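Below: the structure, in structure tokens.
The values are calculated or read from the model by the stated rules, or taken from the named source; none is laboratory data. Keep in mind the model is a prediction, meaning the values are calculated, not measured. Here the Cβ positions follow ideal geometry from the backbone for every residue, glycine too, while neighbour counts run over all protein chains shown.
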């Protein structure tokens, strides 16, 4: 079967829904294989494999392919769509698809969107900042500017790979805050996979335009790469990579054990082939497939035969050469230093991180700007965002990382509330000790309030060890409405709170919103306990229909919960319920449960 | 403003730090958050820079350099190594280099004193490691400083019998049943461990050893430090993801009602914060197949018992050798 990765903004309703159902099923309660995908893409040694050199693009190619194969085990028709981040995507950033950010950076979904029950790490829901809405055009390099990075008409991979910073890092940072803005937490947002699908598409298109598929050709990859894991013949961790220093000594799934697919397109293939897979296979296996599509005005934006394809390619490369000639000049160290004036313009700042040879200079300058208390707040905010983007190249950023964190610790107590908010957001995404301590003191009242209590609770909840759990238990009882909601969410990581969450989920005196939140936290905390709570909620005709629907939907996409029920009896109850309800939301969830449980992926 | 943990650190540093105080299950670490436990540990280790490393703490310093991902703890360990002088050997050199590499993209400045300090006066964790490396002389002779703490424990059958276990399938048994009659490799772990070089690696290696074991050979058992969280379903998923060959001789288990007894029985080096583990060592034992007479184990024992020998956690690194 040929599956085509399409622009997410142009999916049909049916395509979108199939994709969302498969993604929600893979997510489940964020354990199993979804956890692998999350744990491959975290800070520390794995980060060096994913982002630490020339292997950035090949590593993410197999990562996406692996994820896509898992989705296809759930629904064989699904392909991963891409978020074209240099265009507005009004159909993508809706409640029906990737959601829209709401209060507390909490992404809002419709009641029937399968992602409504998403579990990020240990916590339910998606945290994404307000940077990108339906009409937003993110400030990233355009597709043509990106494809011209490696030079045109002759192109070199090393130059092209600069796209790791912009547009890739900048696309992450275009959301301003939330898990997608940090490399270690980005896969906790489902949008992350669509963002990287576009990164992969850009590389594939570059390979097609400049005919850079031959791994033996010097310009197809970074021949000078010396770092382990990033050389042309290296195996890719964790799929077939060695579990020995200097590579990571362990891997999600304990190495290749849980992984049934290799890095080349096609149906499942032999493990033996997978184990031999070196990086150059990933480079070879990325040919762009172009569909025939007639265009009304007679031009070709797609192909009619081989000759036309070659002509189109040449014409496209000529366009890229024009873009290349028109690119802004990179700043030298001297010019960059001169830029740090009260008259510093956005355009000058934008220019700083454009080219590899100015990376260090620009980061130095941005750090100085971040520390400069006399600088305009908007410039410091821009510097913070740009530095966040630069951090998506961790090896290049490594010499500056400690200072960046130190600056953030200072900004966490800044007079400006926006700077405080963004600094604490980033510090807690990185699990920073000082950031967490400041927030605890702020919440406990031993220092001035740094951010609103609900925000402090949300940030502190990111600590996967749940060290603030006793405080959250207290806030879940006594906090204001918003604080209480955040505390209930935080208790998803606290095993001692299973009964509290179950009690709130079933307490009819509570607001349905709070009950749903408690139920989703329970799902993340104890899928088995959630199954029984959800069972009773769904079958109680006096319950709120939206709550029943949300519980049933979450059951449908969480096999570890649904497996705990007697499915035959439950299905019979649902059939009976279907005859007696007129709620469309509930009917949708009943059908979804029957369908999803009928397509349980193979073990 | 100095915090409670700063006061605790000051109190502990008033006297020379001992190896015993570095145990993760030491009373002063109980109830601390992970960050505070790491901060305290960093200070205890750093105190060795001027006071010297006690013999019973050498392997702790080496183990931190080998597996820790905490910048603060590694900075403390780096300072401790300086007390050994420039001729400590290539082994320490390698450990320091590995640690510096491990945190290269997660480096932070480490505060040794409470309050605001200019970055110009501080070193980063990696800076501490590199500063120690600079003090070492190249090609010094190797020193056997990293040997694991060896221990021999006697396990009374009636105590083992009182420890009820639940395995990854929810099957209930006792620790006596699973340990008696076969030699067993016993590891401890928990699924929420954030350090891939500890629990994840231990279970991956244990799984490899279990797969390599011949029929009728050793059993392989791992018990969670976090029984409230690690339900049978979570144990099964964690093991399955690591290729654990579940069966009668290969199980992941928890005990829900006798965890305190198990901790005491094996002297486990694990500490607990408000919710879960705040610090832990890697723990691996080889438990003998049958009862041993009192005279063969040690004084004071009046009844036969099973014998558990503490193993170097890296003993599992070669699954074929470990299966022999």
**Message:** Given the criterion in contact (Cβ under 8 Å) with a residue 60 or more places away in the chain and either in contact with a helix residue (DSSP H, G or I) (Cβ under 8 Å, 6 or more places away or on another chain) or within 22 Å of residue A:37 (Cβ to Cβ) (or both), identify the matching residue among A:194, A:202.
**Reply:** A:194
**Message:** I'd like to check something: does segment A:19-30 contain any residue that is in a helix (DSSP H, G or I), without any contact (Cβ under 8 Å) to a residue 24 or more places away in the chain and away from chain B (no Cβ under 14 Å)?
**Reply:** no
**Filter result for residue A:43 (in contact with a helix residue (DSSP H, G or I) (Cβ under 9 Å, 6 or more places away or on another chain), assigned to a loop (DSSP other than H, G, I, E, B), within 11 Å of another protein chain (Cβ to nearest Cβ) and more than 20 Å from residue A:553 (Cα to Cα))** = yes
**Message:** So, residue A:494, is that one on the phi < 0 side of the Ramachandran plot and surrounded by fewer than 24 Cβ atoms within 10 Å (Cβ to Cβ) or not?
**Reply:** no
**Message:** Condition first: crowded, with 21+ Cβ neighbours inside 10 Å, at pLDDT below 55 and within 28 Å of the chain's Cα centre (by Cα). Can you find one or more residues in segment A:238-255 that meet it?
**Reply:** yes
**Message:** Looking at the structure I just gave you, is residue A:492 in contact with a strand residue (DSSP E or B) (Cβ under 7 Å, 6 or more places away or on another chain) and in a helix (DSSP H, G or I)?
**Reply:** yes
**Prompt:** Considering only residues of segment A:218-229 that are at negative phi and within 14 Å of chain B (Cβ to nearest Cβ), which is surrounded by the fewest Cβ atoms within 10 Å (Cβ to Cβ)?
**Reply:** A:227
**Residues satisfying the stated conditions in segment B:228-281, i.e. within 12 Å of chain A (Cβ to nearest Cβ) and part of a helix (DSSP H, G or I)** = B:232, B:233, B:234, B:235, B:236, B:237, B:238, B:239, B:240, B:241
**Message:** Kindly evaluate residue B:89 against the criterion of being under 26 Å from residue B:315 (Cβ atoms) and touching a residue at least 40 places away in the same chain (Cβ under 8 Å).
**Reply:** yes
**Prompt:** Within the bounds of segment A:529-541, is there any residue that is more than 14 Å from chain B (Cβ to nearest Cβ), in contact with a strand residue (DSSP E or B) (Cβ under 7 Å, 6 or more places away or on another chain) and over 22 Å from residue B:226 (Cα atoms)?
**Reply:** no
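Listed here are the residues, each with its yes/no results for (1) modelled with pLDDT under 90; (2) away from chain A (no Cβ under 14 Å); (3) over 24 Å from residue A:408 (Cβ atoms).
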{"site": "B:64", "(1), (2), (3)": "no, yes, yes"}
{"site": "B:84", "(1), (2), (3)": "no, yes, yes"}
{"site": "B:88", "(1), (2), (3)": "yes, yes, yes"}
{"site": "B:129", "(1), (2), (3)": "no, no, no"}
{"site": "B:143", "(1), (2), (3)": "yes, yes, yes"}
{"site": "B:146", "(1), (2), (3)": "yes, yes, yes"}
{"site": "B:156", "(1), (2), (3)": "yes, yes, yes"}
{"site": "B:161", "(1), (2), (3)": "no, yes, yes"}
{"site": "B:168", "(1), (2), (3)": "no, no, yes"}
**Asked** Does residue A:233 satisfy the condition of being in a loop (DSSP other than H, G, I, E, B), modelled with pLDDT of 75 or more and within 14 Å of chain B (Cβ to nearest Cβ)?
**Response** no
